[in-house]
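See below for the structure under consideration.
Bear in mind these aren't lab numbers, they're just calculated from the coordinates by the rules spelled out. Fair warning: this is a prediction, and the values are worked out from it, not measured in the lab. Positions of Cβ are backbone-derived with ideal geometry, glycine not excepted, and every protein chain shown enters the neighbour counts.
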Amino acid sequence: MRLSLWRKTSIAILSVAMLNLGFVSATQAAIVDTSALVTTDREADLSTVRAQLTRAEVRAKFEEMGVDATAIDRRVAQLNDRELHQMAVDIQNAPAGGDVVWLIGAVFIVLIILELTGVIDIFKKT
Amino acid sequence: MRKRAATVAARFVFLLSIPLLLSACAARGPFIAASMAPGARTSVELDATPFFPQDKYQCGPAALATALVASEATTTPEDLVPLVYLPARKGSLQVEMLATPRKFERLSYVLSPNFDSIVAELNAGRPVLVLHNYGLPTWPKWHYAVVIGYDSARDRFILRSGTKRRDEWRARTFMVAWHHAHRWAMVVLRPGEIPVTADPRSYLQAAADFERAAKPEAALLAFDAAIKRWPAEPVAWIGRGTAQYRAGKLTEAARDYAAAVSIDANNAGARNNYAQTLLELGCPRRAREQLSSIDAAALQTPLREAVSDTRLHVDAAISATTADSAECTFPVSGS
């Protein structure tokens, strides 16, 4: 009875989407969150259902990335729609700060030397 | 393919640098002193900033704990590991570094990508969490650290970083590593604090993100500070109005929304929230005046639905009553 990852993901997405259908109208508040008034049009385009799908997607990615099952809900819950979208798009490639300091690469040292000797200047006032 | 390209590029850069190394010419002068305005402070060190030595790969939780505890939140890197560490990436992502402080009733703000904004925060007593890249754009080695000071005379930045409590960096070396990490820097703020170099749009976005999870009293502090700093920003008034509304202070909310509408008559969000508040104050006819000018068809989804919902309720209340309650005038709040 082992379900494939594909089926598990589909079930997760569908169940979240269906849950959402139930309470869209119930949770509708007539006061609009300030966040809906400061985001750009493109971001506001993310409909509620779409955000729910993204949520399921991010949840699946967290699982894939080895996040402890007990922490996944908390991590998904603390992200807003914009952040969920960023995570869904970029979780594989976004900068992940983690390496310890002594891992300074040889190439980096060259970059520093170039800067110190004035060959390149990354700090020109823009 | 990418790796190979990186290796080729690296070799090329290295060969190019050999003559320079040999001649060791033209060493450049100090960076900090040259970048500072005349008469500016020459050194700052926020000694009281806590230090949490990182475990392997876990500079994200360690740096975030440093910034959070410096802002008087109570936490440890161990508490933060389950919230920001991604095992498969052996690191932490910026999105979660920014989202997590909200759990501790703190706002996160990404500084504008220049030296001045870091120095301004340090001068204001706030440590700055930075991302560094010790590799190349195509071959990055990311690391988070917390800047706690600078020393212009010695041209150094002082950091809490990795396993070093006090890590001094040559200013130019620091800047190279920061530049190659897209000059990303964040601060953690208590509700009511605003970064020295903040711009209203970014701050109000941060405050709106904060509002979602915050208690109304905390959100009120965040928007109240924004009103004092940028009284002409309608969103600052709307945010404070919503915090008042959620705290049950309807009259105060109505005044703040009225202020937002008086600044920006076309602000459908302000008018919608104002109308809802008027309705609850027993003033559905005044509420309908606010809604009548909104072109709902031109709005995005969440706002459009809210407006049509408010309209329904307002119309129902009007048919159910003969007149608004006696006191339906709410003078615009002053800042």
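Odds and ends about this structure:
- Value of Rg/Rh across the stretch B:202-335 [Cα atoms, Kirkwood radius]: 0.96
- Helix B:250-263 axis, angle to chain B major axis (alpha carbon atoms, nearest 10°): 70 degrees
- From phi via Karplus (6.51, -1.76, 1.60), per-residue ³J(HN,Hα) for the stretch B:168-183 in Hz, x at Gly/Pro: 8, 10, 3, 4, 5, 5, 4, 5, 5, 5, 6, 4, 7, 10, 6, 6
- Per-residue Karplus couplings for the stretch B:235-247, computed as 6.51 cos²θ - 1.76 cosθ + 1.60 with θ equal to phi - 60°, are listed in order as 4, 4, 5, 4, x, 5, x, 5, 5, 4, 4, 5, 8 Hz, Gly and Pro entered as x.
- Share of pairwise Cα separations in chain B, more than 35 Å, in percent: 39 percent
- Lysine pair number, Cα distance threshold 23 Å (strictly under), chain B, separation 8 or more or different chains: 13
- Two-site FRET efficiency, B:Glu289 against B:Ala232, from Cβ-Cβ distance with R₀ of 22 Å, rounded to 0.05: 0.40
- Here's how it looks for B:His180: its modeled amide H is under 5 Å from those of B:Asn133, which are all 5 or more places away or on a different chain.
- Cβ-derived FRET efficiency at R0 35 Å, B:Ser202 paired with B:Thr138, nearest 0.05: 0.75
- Between amide H atoms placed 1.01 Å from N, distances below 5 Å from B:Thr163 occur with A:Val101, B:Gln54, all of them 5 or more places distant or on a separate chain.
- Hz values of 3J(HN,Hα) by residue in the stretch B:210-220 - Karplus curve (6.51, -1.76, 1.60), Gly and Pro given as x: 5, 3, 4, 9, 8, 5, x, 5, 6, 4, 4
- For B:Leu136, the residues whose amide H sits under 5 Å from its own are B:Lys141, ignoring neighbours fewer than 5 places away on the same chain, with H placed 1.01 Å from N.
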